[in-house]
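The values are calculated or read from the model by the stated rules, or taken from the named source; none is laboratory data. Only a predicted model underlies this, so the values are computations on that prediction, with no experimental measurement involved. Here the Cβ positions follow ideal geometry from the backbone for every residue, glycine too, while neighbour counts run over all protein chains shown. Heads up: the accessible areas ignore ligands, DNA and RNA and are worked out on the full protein's heavy atoms, side chains in. Shrake-Rupley method; radii C 1.70, N 1.55, O 1.52, S 1.80 Å.
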Amino acid sequence: MPDPITIPAQASGRLTEAWRRCVGTGRFDLALRRDYQDSLALVQKEIGFRHIRGHGLFCDNVGVYRPYRYQGVDQVRYAFTYMDQIIDAYLELGIQPFLELGFMPEALASGEQTVFWWKGNVTPPRSWSQWADLVKATLRHLVDRYGLDVVRGWPIEVWNEPNLTQFWENADQDAYFQLYEVSAHAVKEVDASLQVGGPSISPGSDEWLAPFAEFVAKRSVPVDFVSRHAYTSEPAQHVPFGSYQALRPAAHLLEQFAAPREHLRDTALAGLPVHITEFNSSYCPDNPIHDTAFNAAYLAPVLAGGGEIVESFSYWTFSDMFEEAGVPTSLFHGGFGLLTHRQIKKPTYHLYAFMARMGDEVLARGEDHLVSRTPDGTVTVLAWAPVDETGAEPSPAGHRVRLSIPVGAGDARTAFALRSSTSDEAGNAWAAWAELGRPASPTERQLSVLREAAEPARRHSALPVADGRVDLDLVLDRHEVTLVEISAVADETPPWVDDRRLLGLNPDNVPDNPALPD
C-alpha cells in the first residue's frame with residue numbers, strides 16, 4: 001500500500017468562487033412560479049450562488065415590449081411588471097441576475113423563426129433603433145429601481161449561441177456583430193460602468209472569437225467580458241422523451257474553459273474576464289446522465305479546478321423546471337437541474353453543497369482530491385472516484401485516497417472527522433426511483449422515500465493525532481464524491497465520566513458514589 005500523500009500545513013492559494021459565481025435557469029418567467037422559488041430558496045440556503053442566468057428576458061411572456069397605436073401614432077410602452085417581480089424574488093433569495101439580452105419580442109422581430117417549445121423568436125430586430133431603445137429603457141428602469149451601484153454588478157450578455165442556426169437566424173455572424181454593436185452602445189449609453197459582453201458561443205465554434213475581437217476593435221465597440229459555453233457530449237441518440245450520448249473526458253471541459261484566452265491572446269480582447277455561461281456533461285435537457293451519481297463524480301475535478309482558468313462557470317441549470325423540450329413527462333427525466341421538480345436533490349447537487357462547505361485556503365490539489373482549510377481551522381477534503389466515460393467497463397469500487405492531514409498546533413490527541421458522501425449506493429434518489437419502478441408521478445409516500453434516499457450518507461469518527469497530523473484513509477464506492485471535515489478536538493470530558501458503565505457495569509471497581517470534585 002502506498003504511503004499517504006503529505007498535505008502541507010501552509011496554504012498554496014485561494015479557492016475562488018468561480019464555481020458558484022453563476023448558475024443557469026429555465027426561461028425568465030418561470031421564476032414567477034412557487035415551485036421555482038421554493039427550489040431556488042433551497043439551493044441558496046445550502047449552496048449560495050451569486051448570479052443566475054437564463055433565456056427569455058424579452059420574450060412576450062414577460063411582456064416588457066408592448067407596442068400600441070394611439071391617435072394615429074405608433075408608440076411603445078415598456079411594461080416591467082413581471083420583470084420586477086422576478087428580480088425582486090432573486091434579490092430576496094440572495095442572488096443577482098446575469099442578464100441575457102434575448103430573445104426577440106414578436107412585434108419587433110424581422111421574421112418568424114422560433115426555438116423551443118415556448119417559441120422564443122430568434123430573428124434580428126426589424127428596427128435596430130427600437131431594439132436599442134428597448135435595451136436602454138430596460139436598463140434605465142433597473143438602475144432607477146435598484147440603484148446604479150447594484151446594477152453595475154450584473155453582467156449583461158448579448159444573446160445566446162448566435163453561431164447556431166436554431167438560436168440566431170442563419171447563424172449570421174455579420175448580423176450578430178451588428179446586434180452586439182447596437183446593444184453594447186445602448187448599454188453604455190445608460191452608464192459607462194455597466195458590464196457588457198459576448199459572444200456567448202456554443203462549443204466547437206471558437207472560430208467566432210477572433211473575428212469578434214477584430215470587429216469590436218475596428219469599430220471601437222465596448223466589451224467588458226467574453227462568454228462561451230462548454231459541454232462534452234457527442235451527437236444525441238434520441239428515444240421517445242429522452243436522449244443518450246457518448247461523453248468525452250471531463251478534462252475536455254477545462255480545455256474548453258481555456259479556449260477563449262488562447263484564441264484571443266493576440267487580440268484587443270486579450271486579458272478580459274472569461275465567463276462560461278453554460279456548462280454540463282450533456283447539452284440535452286432529457287439525458288438521464290444528469291440525474292446520476294456518475295455525473296457528480298465526472299464533474300468533481302471540473303468544479304475543483306475550473307476557477308484556476310475562468311472567472312465563472314455556470315452549471316446549466318439549478319432546477320429541472322426548464323421546459324425547452326416541453327413539459328417533463330416524469331419526475332426524473334434527464335433534466336439539467338441540480339434539483340428535480342418538488343426539490344428532490346440529485347447527486348450533482350451534493351457535489352455543489354460539498355463545495356459550499358470547503359474552506360477558501362487551498363492546501364493541496366490532486367487528480368482525485370482537493371484539500372482546503374476554513375477560517376476556524378477545519379480542514380476539508382473533497383475526494384472523488386475516477387469514472388470511465390467510455391462505458392467500456394464499469395467504474396470500479398474501492399478507489400483509495402490516503403492523505404496525511406495537518407490539524408494545527410496544540411495538544412489535541414484526537415480529531416473529529418465528519419464524512420458526507422454521494423455515490424451509486426448513497427445519496428442517489430435516481431437509483432431509488434429506478435428501484436421503485438420509475439413512477440412518472442410519485443405518490444406522497446414515494447416522494448418521501450425519494451427525499452430520504454436523496455440525502456448523502458453521513459458517518460463520523462475520531463482520528464488519532466500524532467505530531468499535529470492525522471492519517472485519512474478513504475475507500476470510495478463506485479462514482480462516489482465525498483466530503484470529509486476534520487477538526488482538532490478540545491476534550492472537555494469530566495473525570496467521572498466512564499462510558500464503559502453505561503449499562504451499570506463497574507469494570508475498575510470504582511466506588512458507586514465517588515466524591516465529586518469541589
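Let me know the number of lysine pairs in the chain closer than 28 Å at the Cα, not counting same-chain pairs under 8 apart.
6
Starting at the first residue of region 410-422, write each ³J(HN,Hα) from the Karplus equation 6.51 cos²θ - 1.76 cosθ + 1.60 with θ = phi - 60°, in whole Hz, x for Gly and Pro.
x, 9, 4, 9, 9, 10, 9, 10, 10, 10, 10, 9, 10
Whole-Hz Karplus ³J(HN,Hα) for region 366-372, in order, using 6.51 cos²θ - 1.76 cosθ + 1.60 and θ = phi - 60°, x for Gly and Pro?
Once rounded to whole Hz, the list reads x, 5, 9, 7, 9, 10, 9.
Roughly how big is the chain's charge dipole about its Cα centre, with Cβ charges of +1 (Lys, Arg) and -1 (Asp, Glu), in debye to the nearest 20?
840 debye
What per residue convex hull volume, in Å³, do the alpha-carbon atoms of the chain yield?
Numbers: hull volume 107.4 nm³, N = 518.
So the per-residue Cα hull volume is 207 Å³.
At 25 °C and 0.890 mPa s, what whole-number value in µm²/s does Stokes-Einstein give for the translational diffusion of region 192-297, with Rh from the Kirkwood sum over Cα pairs? Numbers along the way, then the final one.
Values: Rh = 15.3 Å.
Estimated diffusion coefficient is 161 µm²/s.
Given the chain, what percent of its DSSP beta bridges are antiparallel, to the nearest 5?
Details: 58 of 83 bridges.
For the chain, the DSSP antiparallel bridge percentage is about 70.
Hey, can you grab everything whose amide H is under 5 Å from the amide H of residue 109? Only 5+ residues off in sequence or another chain; H modelled, so Pro and N-termini drop out.
Sorted by chain and number, the residues that satisfy this are 126.
Report the rotationally averaged projected area of region 216-358 based on its alpha-carbon convex hull, in square nanometres.
10.0 nm²
Could you please state how large a percent of the accessible area of the chain is carbon and sulfur, counting protein chains only and using a 1.4 Å probe?
Within the chain, the accessible surface is 49 percent carbon and sulfur.
With unit charges on the beta carbons (Lys and Arg positive, Asp and Glu negative) and the dipole taken about the Cα centre of region 352-417, which residue among 404, 355, 385 sits farthest to the positive side?
404
Of 68, 28, 9, which is farthest on the positive side of the dipole of region 8-69, counting Cα position, with +1 on Lys and Arg Cβ, -1 on Asp and Glu Cβ, and the Cα centre as origin?
68
Give the span of region 1-120's Cα atoms along each principal axis, as three whole-Å numbers ordered largest to smallest.
Taking the Cα atoms of region 1-120, the three principal extents are 83, 30, 25 Å.
How large is the accessible surface per residue of the chain, computed with a 1.4 Å probe and reported in Å² as a whole number?
I get 44 Å² per residue for this part.
Alpha carbon centre of region 460-508 versus region 209-229: separation in Å?
56 Å
Can you compute 3J(HN,Hα) from phi for each residue in region 238-248, using the Karplus curve 6.51 cos²θ - 1.76 cosθ + 1.60 with θ = phi - 60°, rounded to whole Hz and x for Gly and Pro?
Whole-Hz 3J(HN,Hα) from phi for region 238-248: 8, 10, x, 6, x, 9, 10, 8, 6, 10, 7.
Going by amide H atoms built from the backbone, whose H comes under 5 Å of the H on residue 242, apart from near neighbours?
Answer set, sorted by chain and number: none.
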